[in-house]
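Participant: Let me give you the structure first, and then I'll get to my questions.
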Amino acid sequence: MASTAATTFSAALASRPVRRFQWITVGICLLILVSDGIDMQLLGIVAPLVIADFGVDRGTFGIAMSAALIGFGLGGWLGGMLGDRIGRRYALAFAAIIFGLGTIAAGQAGSVTSMALWRLVSGIGFGAAYSNALTMASEWLPDRLRPITVSSLSVGTPIGGAVVGWVAPALSDLYSWRWTFMVFGIATLFLIVLIIAVLRDSPSFLIARGRKAEAQAVARRVLDEDIDLMPERHRADDGAGVAIGVLHRSNLRMNIGVCTSFTACALVAYGILNWSTTFLTAAGFTLPQAGNAVSVAGITSMIAAIAAGFLSRRLGTRTVMSGISIALFLCIVALGFFVETLSPVPTETERLIVVSLIGASAAAFSGGIATMYVIMTHGYPPSCRSSGIGFGIFMSRVGAVSASAFGGALLELGNGSVIPFFAVLAVGAILVSAASFIVDQHMPPAGRPVPLPA
């Protein structure tokens with residue numbers, strides 16, 4: 001029996017329980033992101049073996065290590081645009097093919113140059129998978145579950161990194177690092193079957209692309225009745241229901257806020273994660289002690305990302321991002337002060353304070369990154385949502401590459417002092433607040449209606 005009143009797919013989902021197909025879709029998207037993290041982190045885990053095999057120094061090998069990071073940024077944006085054009089489902093399948101085959105090919109590399117090339121290709125697949133998986137999952141869920149789901153999915157890649165950290169050394173020891181690349185690359189290709197056989201583009205996306213009949217048919221998977229679906233009404237498209245691009249003028253404040261805040265948040269994140277062992281060992285920590293600090297940061301990051309989804313739903317993303325920016329600034333200033341004033345041989349209490357501050361900083365920047373994904377899935381309309389998330393990923397890579405490339409120079413600039421390094425990170429923490437006052441399409445607190453055009 002068909003409903004007589006036309007409504008949007010999001011409105012139709014709001015009052016209905018989540019069905020099995022929706023959870024299966026989220027589960028497959030999470031599996032894609034875990035696989036993404038496995039393949040992306042694989043080279044870092046087996047790097048000592050590859051360096052020894054190639055007979056190069058660590059500085060030279062850094063080109064191969066950073067290639068996937070650059071590809072991730074390019075793939076996030078390009079893959080997002082592809083997802084908005086041909087659909088998230090086929091874009092995800094294409095991304096899995098790219099990073100699966102790229103991982104297999106990287107296992108056959110015989111030089112730093114060829115490894116860097118294949119890691120760049122793989123990185124493009126990593127980024128494309130990330131932007132489309134988040135978009136796909138978010139569009140199949142009601143607004144009440146979207147924040148926590150998106151923020152939880154954002155930890156899929158770190159989970160993949162943890163998995164490969166446990167498994168890859170054993171596989172490489174039993175066989176070889178090349179065989180390990182082959183195994184994980186082939187495993188990734190099996191995801192394509194799941195993507196094509198199970199996943200479907202959301203009715204919101206299909207109707208935004210003018211494919212109403214297909215949207216109506218797909219909607220029956222989760223709705224009890226046939227409903228006359230209409231395009232999502234969204235501030236970014238002036239409520240007209242027309243498909244627009246991510247660079248449309250109505251997205252201007254959204255884009256500027258995402259660009260500034262996401263770049264700054266990634267700058268702080270990669271500054272801490274990539275350079276902690278360097279400045280801590282220089283300050284008197286042993287390498288195992290410094291490594292423990294990074295491990296603590298990983299744990300607090302995952303917890304904070306999930307918590308950010310709950311808080312975004314309850315308090316709204318504007319309030320959450322404001323709080324995160326303040327907390328991150330205070331943590332960075334405190335961490336810089338304590339590292340700068342450490343005893344030549346740090347006491348146990350001093351080490352505990354520094355490790356705790358690194359963990360707190362990681363919680364803040366991870367919560368900020370997760371909240372930015374919530375903002376993007378809410379703020380960009382269905383017609384350009386994958387591109388919008390891809391744009392955010394691209395800008396975050398700008399911050400990540402900047403921190404990776406110039407963090408060492410900032411530490412050298414201090415000539416034994418960490419003040420220049422942490423001063424730049426503190427400025428980055430302040431710029432994270434750009435999302436609070438520039439972005440004009442925040443998710444409101446629970447119970448408050450989303451403002452829409454008349």
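The values are calculated or read from the model by the stated rules, or taken from the named source; none is laboratory data. Not measured: the values here are computed from a predicted model. No Cβ is skipped: glycine too gets one built from the backbone with ideal geometry, and neighbour counts run over all protein chains shown.
Participant: Residue by residue through the range 109-136, note down the ones that are in contact with a Leu (Cβ under 7 Å, 6 or more places away or on another chain) and either under 19 Å from residue 302 (Cα atoms) or outside any helix (DSSP H, G or I) (or both).
Facilitator: 130, 133, 134
Participant: If you check every pair at least six apart or on different chains, which have Cβ atoms under 6 Å apart with a residue in the range 207-234 that is farther than 20 Å from residue 248 by Cβ and assigned by TED's automatic domain parsing to the domain that holds residue 23 first and a residue that is surrounded by 16 or more Cβ atoms within 10 Å (Cβ to Cβ) and of a type in the set (Lys, Arg) second?
Facilitator: Close Cβ pairs (under 6 Å, with a partner that is surrounded by 16 or more Cβ atoms within 10 Å (Cβ to Cβ) and of a type in the set (Lys, Arg)) amount to 218/200.
Participant: A further question follows. Just checking, which of 82, 30, 43, 120 is crowded, with 16+ Cβ neighbours inside 10 Å, in contact with a Phe, Trp or Tyr (Cβ under 9 Å, 6 or more places away or on another chain) and farther than 25 Å from residue 245 by Cα?
Facilitator: One residue alone meets the criteria, 43.
Participant: Taking residue 223 as the residue in question, decide whether it is in contact with a helix residue (DSSP H, G or I) (Cβ under 9 Å, 6 or more places away or on another chain), farther than 30 Å from residue 118 by Cβ and either of a type in the set (Ser, Thr, Tyr) or assigned to a loop (DSSP other than H, G, I, E, B) (or both). Let's see the steps before the verdict.
Facilitator: Details: in contact with a helix residue (DSSP H, G or I) (Cβ under 9 Å, 6 or more places away or on another chain): yes; farther than 30 Å from residue 118 by Cβ: yes; either of a type in the set (Ser, Thr, Tyr) or assigned to a loop (DSSP other than H, G, I, E, B) (or both): yes.
Criteria met by residue 223.
Participant: Can you tell me which residue within the range 140-193, out of those that are small (Gly, Ala, Ser) and outside any helix (DSSP H, G or I), is nearest to residue 15 (Cα to Cα)?
Facilitator: Selected residue: 154.
Participant: Follow-up question, since we're still on this one. Pull up the range 281-335, narrow it to residues that are β-branched (Val, Ile, Thr) and over 19 Å from the mean Cα position of the chain (by Cα), then point me to the one that is nearest to residue 258 (Cα to Cα).
Facilitator: 319
Participant: Name the one entry in 360, 308, 327, 334 that is of a type in the set (A, V, I, L, M) and surrounded by 22 or more Cβ atoms within 10 Å (Cβ to Cβ).
Facilitator: 308
Participant: Still on this structure: Any chance the range 9-29 includes a residue that's closer than 30 Å to residue 176 by Cβ, touching a Lys or Arg at 6+ places or on another chain (Cβ under 8 Å), in a helix (DSSP H, G or I) and assigned by TED's automatic domain parsing to the domain that holds residue 166?
Facilitator: Within the range 9-29, none of the residues are closer than 30 Å to residue 176 by Cβ, touching a Lys or Arg at 6+ places or on another chain (Cβ under 8 Å), in a helix (DSSP H, G or I) and assigned by TED's automatic domain parsing to the domain that holds residue 166.
Participant: Condition first: free of Cβ contacts under 8 Å to residues at least 60 places away in the same chain, surrounded by fewer than 24 Cβ atoms within 10 Å (Cβ to Cβ) and within 30 Å of residue 440 (Cβ to Cβ). Can you find one or more residues in the range 250-267 that meet it?
Facilitator: Within the range 250-267, one or more residues are free of Cβ contacts under 8 Å to residues at least 60 places away in the same chain, surrounded by fewer than 24 Cβ atoms within 10 Å (Cβ to Cβ) and within 30 Å of residue 440 (Cβ to Cβ).
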